[in-house]
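The values are calculated or read from the model by the stated rules, or taken from the named source; none is laboratory data. Note that the structure is predicted; figures quoted are calculated from it, not measured. As a convention, Cβ positions derive from the backbone with ideal geometry for all residues, glycine included, and neighbour counts pool all protein chains shown.
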Amino acid sequence: MGDRIVVLGGGIIGLSCAFELQTRGHEVTVLEMQRCGGQASGAAAGMLAPYSENVEGPDDFFRLCLQSLRLYPQWQEAIRQLSKLPFAYENSGSLYVAFHEADLLAMQGRLLWQREFGASARLLDREQLLQYEPQLSKDIIAGLHIPEESHVYTPHYIQALELACRLVGVTIHENLEQLEVLNWRKEVLIQAADNRTFKGDRMIVCVGAWAKEMESSFGIPVPVYPIRGQICAYESNGNPIRHMIFGSQGYLVAKDNGTLVCGASEDIAGFDVTTTERGIERLRRWNKNVIPHLEGQTPIHRWAGLRPATQDGLPLIGPLPNAEHVIIAAGHYRNGILLSPVTAKIVADLVDDRTRGTAHIEAFRPERFSRFNNERSS
């Protein structure tokens, strides 16, 4: 018989962990302060693009992202078959575009190392780019085409994942308003705002941008901070973009509901999820430079979500020091959708003591900031 596991947080990471753990025979309860998928998860553009979003080199984080991308076909198919709910999963490929000659050398370097990691990428000149995407600006001089990258329509995907969790037996409690960790050292005891309590043998902390609130409970630094990401969407107007378009200042991705999603303008605004004219205008300026016919068009929808960022930009994935029954899976910043399958499998492997062969997790240990603080003070 499996463990009783309490998952704090019903976003994409929490639901994914719950799904994987329940299918491995554990008894899982998800506790969500608001609605499942209502924060960063529901606001995400759903890009599965480790090559385009990791441009510096093949570090541990890139390897983690690539591992998750390769899990996605089987992962999303399992959710689709179980839930019977439709959601878009598009292997559209991507184009990373450049406006200046100075960017070409960096692109050529990326091309070399990304090919070593399985990308069938190639560098396209202006004429080739316009054959791929006729709506692109003629000011763009080159682009990197990466066929392996994909995207999902996040709202429908989250709905399907939540239903899949329920169907395999996960218990989900929403709208709990506040969660207090009463006990975690030997057994897990959580109290909600309405005084209901929830017990477990293990706890998985997946509370995203709210993870820092756990510092006082656990006694270690949990430096996760909310970064507001503002996004807007246009009507496609019968001119669909076939690929995800990336650049140094943003991205554009067409969805099957007839919209073209553009993001993301980021700023620090605490837990404020309202949009600003300044943030959306920055996106509009970039949009029209990439797709000229967007000039003068008004976005039909604008929204913002909170991205949970750590001090070093890497997620926290792993057990607490001296309390291996408590596992943190938070701080995924702008890659929560992409990293959900691999995070779920790492967490479940930790629970099942099957971490041998699980790559790259040392760099994401939650206690790494404690070590850093100790070194600075010594």
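Worth a mention:
To keep it simple, each residue is scored yes or no on (1) part of a helix (DSSP H, G or I); (2) buried (at least 17 other Cβ atoms within 10 Å of the Cβ); (3) touching a Lys or Arg at 6+ places or on another chain (Cβ under 7 Å); (4) of a type in the set (F, W, Y).
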position	(1), (2), (3), (4)
E56	no, no, no, no
F61	yes, yes, no, yes
Y72	yes, yes, no, yes
E77	yes, no, no, no
V97	no, yes, no, no
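- Within region 300-331, considering residues that are free of Cβ contacts under 8 Å to residues at least 60 places away in the same chain and in a strand (DSSP E or B), the one nearest to V224 (Cα to Cα): I317
- So C65, is it touching a residue at least 40 places away in the same chain (Cβ under 8 Å), farther than 21 Å from P155 by Cβ and either within 19 Å of the chain's Cα centre (by Cα) or crowded, with 22+ Cβ neighbours inside 10 Å (or both): yes
- Candidates are the residues of region 255-281 that are without any contact (Cβ under 8 Å) to a residue 40 or more places away in the chain and surrounded by 18 or more Cβ atoms within 10 Å (Cβ to Cβ); the one that is nearest to V224 (Cα to Cα) is S265.
- Extreme residue, nearest to A45 (Cα to Cα), among residues of region 256-299 that are at pLDDT 90 or above and of a type in the set (S, T, N, Q): T259
- Top-ranked residue of region 187-206 - restricted to ones that are aliphatic (A, V, I, L, M) and in contact with a helix residue (DSSP H, G or I) (Cβ under 7 Å, 6 or more places away or on another chain), ranked as surrounded by the most Cβ atoms within 10 Å (Cβ to Cβ): I204
- Selection count where residues are part of a strand (DSSP E or B) and not small (G, A, S), scope region 235-280: 13
- Test: residue in region 208-223 that is in a strand (DSSP E or B), aliphatic (A, V, I, L, M) and surrounded by 14 or more Cβ atoms within 10 Å (Cβ to Cβ): no
- Looking only at residues in region 79-94 that are aliphatic (A, V, I, L, M) and either within 20 Å of the chain's Cα centre (by Cα) or exposed (fewer than 12 other Cβ atoms within 10 Å of the Cβ) (or both), the one that is nearest to G258 (Cα to Cα) is A88.
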